[in-house]
Amino acid sequence: MQRMKALIIALSLAAGTAVSTAHAGANALATVTSPAVQVQQIRNATAKIHYAGKTFLVDPFLAKKGTYPGFPGTFNSQLRNPLVDLTLPVQDIMKGVDAVIVSHTHLDHWDGGDQQFIPKSIPLFVQDETDAKLIRGQGYTDVRILGEKTVFDGVQLSKTGGQHGTKEMYANKPLGQALGEAMGFVFQAPGVKTVYVVGDTVWHGAVDQTLAKFKPDVIILNAGDARMVGHTGSIIMGKDDVLHAYQAMPNAIIIATHMDAINHMTLSRKELREHVKQHGIEDRVRIPEDGEVLAF
């Protein structure tokens, strides 16, 4: 019970084809203007997405290496988070950002309450009023709830669903409350490739529905296979889900992320690359390193 309470507290904390792939500095998204879509892997699930002329920072977790204790009740909880440092200065990461999207307020997706580098007045999109209230309480003044057809400066953002763990985990009420809700979202604009950020979810009917409805050209999967002690199954996707996405959407590029940075991730980039090679799906799967930019 003490472990479960500690977990709830820890998880609730919040104070077409790629045309080029390169390691780039923080200004790459601002200076390379020809592609309509660029995705820069920052670290963990944090990404800087340049879409149809606007730049979005997704799930900012920008603390220095080892700032926070590992999540209790999870694999490798003795390790402190994040496991690695950022490859770019935070000030450079924030350059050119027009809006922030927070899929949910678990600490490894939002530590904005502990940081001062995200402007308090920046447009900031969240999944529901609960998250909005928390983030407004941290001093942010332009917090918006992302809906099915939210438009931001010509970019349509659509909230999508999922499930942040197995049915058995959610049947355990304290654990289910700690896991909570986590959204995904889709970027759309006329003449621009559709991008689906799946978010923290296992493969779920809502994911199938989103794929069928939006037919995304680019799919960003949180694929680190995060695990809980004493529970079977993952709370996010893993290597088999990368293969599933590849097979489900035969024309889409799959970007696998959320690896090598948080204590309870059990799938590494190295292992996923071996899996991708084994199944012969290298042509449409990207596994970017921190700081790397993918342009479409």
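The values are calculated or read from the model by the stated rules, or taken from the named source; none is laboratory data. From a predicted model like this one, the values you see are computed outputs, not experimental measurements. Don't worry about glycine lacking a Cβ; one is built from the backbone with ideal geometry, like all the others, and counts go over all protein chains shown. When the accessible area is computed, the model is the full protein with side chains, heavy atoms only, and any ligands, DNA or RNA have been set aside. Shrake-Rupley method; radii C 1.70, N 1.55, O 1.52, S 1.80 Å.
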In nm, to one decimal, how far is the modelled label at Asn251 from the one at Lys149, with both set 7 Å along Cα→Cβ?
-> 2.3
For segment 96-234, just list the percent of Cα-Cα distances falling in each 5 Å bin from zero outward, please.
-> 2, 9, 18, 21, 19, 16, 10, 4, 1, 0
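How big is Rg to Rh over segment 143-296, alpha-carbon atoms, Rh as the Kirkwood inverse-mean-distance radius? Could you put the intermediate results ahead of the total?
On the way: Rg = 15.6 Å, Rh = 16.2 Å.
With Rh from the inverse mean 1/r over Cα pairs, Rg/Rh is 0.97.
Given the rule -39500 (n - 2.57) for each run of at least 4 DSSP H residues, summed and divided by the residues of the chain, what is its mean residue ellipticity at 222 nm, to the nearest 500 deg cm²/dmol? The partial results should precede the final answer.
Details: 9 runs with 70 residues, N = 296.
After summing the helix terms and dividing by residue count, I get -6500 deg cm²/dmol.
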Coarse-grained scattering of segment 200-254 at q = 0.14, 0.15, 0.20 Å⁻¹, given as base-10 log I(q)/I(0) from a Debye sum over alpha-carbon atoms | -0.37, -0.42, -0.70
Starting from segment 259-296, pick out the GluC sites (Glu not before Pro) whose DSSP state is loop and whose Cβ has at most 15 other Cβ atoms within 10 Å.
-> Glu282, Glu289
Counting only protein heavy atoms, what percent of the accessible surface of the chain is carbon or sulfur at a 1.4 Å probe?
-> 52
Between segment 236-289 and segment 141-217, the alpha-carbon center distance in angstrom | 19
Rounded to the nearest whole Å², what accessible area per residue is found for segment 107-185 with the 1.4 Å probe?
-> 44
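Report the full-extension gain for the segment Glu282 to Asn76: residue separation times 0.36 nm, less the Cα-Cα distance, to one decimal in nm. Write out the running numbers ahead of the final one.
Working: separation 206, 0.36 × 206 = 74.16 nm, distance 2.98 nm.
Once the chain is fully extended between Glu282 and Asn76, it gains 71.2 nm.
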Apply the Karplus parameterisation 6.51 cos²θ - 1.76 cosθ + 1.60, with θ equal to phi minus 60°, to every residue of segment 59-64 and state each ³J(HN,Hα) to the nearest whole Hz, in sequence, with x for glycine and proline.
-> 6, x, 10, 10, 5, 6
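Taking the Cα centre as origin and putting +1 on Lys and Arg beta-carbons and -1 on Asp and Glu beta-carbons, what dipole magnitude results for the chain, to the nearest 20 debye?
Details: 28 positive and 29 negative charges, 44 e Å.
Magnitude of the dipole: close to 200 debye.
How big is the C-alpha Rg of segment 52-156 next to the rule-of-thumb value 2.2 N^0.38 Å, as a ratio?
Values: Rg = 14.6 Å, N = 105, 2.2 N^0.38 = 12.9 Å.
Against the empirical 2.2 N^0.38 Å value, I get 1.14 for segment 52-156.
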Assuming 0.890 mPa s and 25 °C, estimate D for segment 218-296 with Stokes-Einstein, Rh taken as the Kirkwood radius over Cα pairs, in µm²/s.
-> 191
Provide the convex hull volume over Cα atoms per residue for the chain, in Å³.
-> 118
